[in-house]
Amino acid sequence: MLTGVRIVVLGGDARQLEVIQKCAELDATVTVVGFDRLECSIPGIELQELDDEVFASADVLILPVVGCDDQGKVNTSFSELPIFLKKEHVAALPEHCIVFTGMAKPFLRNLCQENGLRLIEVLNRDDIALYNSIPTAEGAIAMAIRETDFTIHGSECIVLGLGRTGFTMAKTLQGLGANVRVGIRREEDVARATIMGWKPFMTTDLAAQTGEVDLLFNTIPTMIITAQILSRMPQKAVIIDLASAPGGCDFRYAEKRGMKALLAPGLPGIVAPKTAGGIIADALIRLLLEEQNAREVEQ
């Protein structure tokens, strides 16, 4: 149970609703900011406006998956008013307060460091990233089906990157009967891809691999699908970029050439917010309970 733990949830999308509900069910005191347009009611939560007092008694501050931008702006789907996390807000947090987010930008990291606060980026955890890769792959498949006039079964697909998302993406395409090639950056991934039944190639050889491709899924957050690569690809090919913004594709040139190239970060929160929110909530609660048990042992 989280009895006596004061949690402040600042902004977010439908995924945060799962976090809020599960924390409230475990008897935490939950205050939410940036949810003034929330249509459904969640028992046991308190709606507040943004001010220093909200932060002063917080044991936990929960920010959206992408915490805030480099100006402190916090995204929220349930408020028309802009929300900014300011230096004075973070300074008002007690020293023992833990700040949770999915991925932190330098602005948030620096604020937490300056104030001696512990920052936990849950999407850096292997278990969360692996679970999260499932709705990401499903969302990418849905986009691919919507944007093409052919079946994925029998199509020529390339997945760039064999990390957690790339692995799940390749496995999902394979399960649908696609011919899957994977672009890798490490020699040790050759065996991993081969054992799975995929055809591996080094990303440095990408230009030689794109002559016959129907769908290309990118998970590498650097400019890898350059104008030179795009010029060698069939015009009918569809690119779905799953890397974090700004992605790894030259979208300007793709548009100029008349190709479909779609940037699609944050798919879990779009296609399966309940599942994605539950994944984050379970991890967050597990970490809080571990922290609580550790404090009890120390006492």
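Considering (1) part of a loop (DSSP other than H, G, I, E, B); (2) touching a Pro at 6+ places or on another chain (Cβ under 9 Å), the lone condition that Phe55 does not fulfil carries the number (1). With the requirement that a residue be open to solvent by 30 Å² or more (accessible area, probe 1.4 Å), outside any strand (DSSP E or B) and under 20 Å from Asp205 (Cβ atoms), what does region 168-190 give you? Passing the criteria: Arg185, Arg186, Glu187, Glu188, Val190.
Counting only residues that are of a type outside the set (Asp, Glu), open to solvent by 60 Å² or more (accessible area, probe 1.4 Å) and either within 24 Å of Phe100 (Cα to Cα) or modelled with pLDDT under 95 (or both), region 245-299 holds 11 of them. Could you check, for region 141-162, whether at least one of its residues is open to solvent by less than 60 Å² (accessible area, probe 1.4 Å) and at pLDDT below 95? There is no residue in region 141-162 that is open to solvent by less than 60 Å² (accessible area, probe 1.4 Å) and at pLDDT below 95. Only one of the listed residues (Glu49, Glu25, Glu88) is modelled with pLDDT of 90 or more, more than 22 Å from Ile280 (Cα to Cα), among the charged types (D, E, K, R) and over 24 Å from the mean Cα position of the chain (by Cα). That residue is Glu88. Listed by first and then second residue, the pairs linking a residue in region 133-151 that is at negative phi to a residue that is of a type in the set (D, E, K, R) and assigned to a helix (DSSP H, G or I), with Cβ atoms under 7 Å apart and 6 or more places separating them unless they lie on different chains, are Ser133/Arg164. Of Thr210, Thr219, all but one fail to be touching a residue at least 60 places away in the same chain (Cβ under 8 Å), of a type in the set (Ser, Thr, Tyr) and buried (at least 18 other Cβ atoms within 10 Å of the Cβ); the exception is Thr219.
Could you tell me whether region 109-119 includes any residue that is open to solvent by less than 90 Å² (accessible area, probe 1.4 Å), in contact (Cβ under 8 Å) with a residue 60 or more places away in the chain and in contact with a helix residue (DSSP H, G or I) (Cβ under 9 Å, 6 or more places away or on another chain)? Steps first, answer last, please.
We begin by selecting, within region 109-119, every residue open to solvent by less than 90 Å² (accessible area, probe 1.4 Å); these are 110-112, 115-117, 119.
Among the residues that remain, those that are also in contact (Cβ under 8 Å) with a residue 60 or more places away in the chain are: none.
Scanning region 109-119 turns up no residue that is open to solvent by less than 90 Å² (accessible area, probe 1.4 Å), in contact (Cβ under 8 Å) with a residue 60 or more places away in the chain and in contact with a helix residue (DSSP H, G or I) (Cβ under 9 Å, 6 or more places away or on another chain).
The values are calculated or read from the model by the stated rules, or taken from the named source; none is laboratory data. All of these numbers come straight from a predicted model, not from anything done at the bench. In this analysis, Cβ positions are derived from the backbone assuming ideal geometry, glycine residues included, and neighbour counts consider all displayed protein chains. Just so you know, the surface numbers come from the protein's heavy atoms only, side chains and all, with ligands and any DNA or RNA stripped out. Shrake-Rupley method; radii C 1.70, N 1.55, O 1.52, S 1.80 Å.
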